[in-house]
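To start, the structure under review is shown below, and the notes come after it.
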Amino acid sequence: MNQAEKPAVQTDEELLLKVGLGDEEAFRNLYQNTDKTMYSFILSIVKNPQDAEELMQEVYLKVWTSAALYKAQGKPLAWMFTIARNLCYMKFRDQKHMADIGLDDLVEGEMGEFCPQLENVADRLALQAALQILKEEERQIVLLHASAGMKHREIAASLGMPLATVLSKYNRAMKKLENYLGKE
């Protein structure tokens, strides 16, 4: 394959600018480049997988409809994170309380028997409780690193923080989680 036949790899910024012009293929590529990171970021805020999935759809819809307003600044993911954060906070304002877990639906398992639904709820509750002890920035950094597989340098760029700050917050958060989970 010669140089002319190789498809040019486009940056997220180039893709976002094309999305602003209505390019559906660019939107697909942008989504594929950012979906795991975006999901992890939203999950770090709302702490509920179902809400995170729902909000992620709203974020990408907003990205599609607002991409023409994006000003090229080199950090499209930061712009997208701002949209996500705003939508998350709007959801919190709209909800007077967090959604119930729905334990009534899990009564089908009898005492003494293994019930996978209850085990999943217990695991989810333990994870949510552990993440609650972290500050918001620490939680975002841990989830972006663990769930999205982002490198600390990428997290620093996306959140607009110095790398040293991201590393120290990550290490502090991991120590808090180790201490918390070690006590259970």
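Here, each number is a calculation from the coordinates, and none is a lab measurement. No experiment lies behind these values; they were computed from the predicted model shown. Methodologically, a virtual Cβ is constructed for each residue, glycine included, from the backbone with ideal geometry; neighbour enumeration extends over all protein chains shown.
Odds and ends about this structure:
- By average C-beta atoms within 10 angstrom, highest first, the peptides 141-152, 34-45: 34-45, 141-152
- With θ taken as phi - 60° and the Karplus curve 6.51 cos²θ - 1.76 cosθ + 1.60 applied, the whole-hertz 3J(HN,Hα) list for segment 157-174 is 5, 5, 8, x, 10, x, 4, 4, 5, 4, 4, 5, 5, 5, 5, 4, 5, 5 Hz, x standing for glycine and proline.
- With the simple spin-label model, which puts each label point 7 Å out from Cα in the Cβ direction, the Asn33 to Ala68 separation comes to 2.2 nm.
- Exposure proxy for Phe27, Phe92: other Cβ atoms within 10 Å of each Cβ, ordered fewest to most, give Phe92, Phe27.
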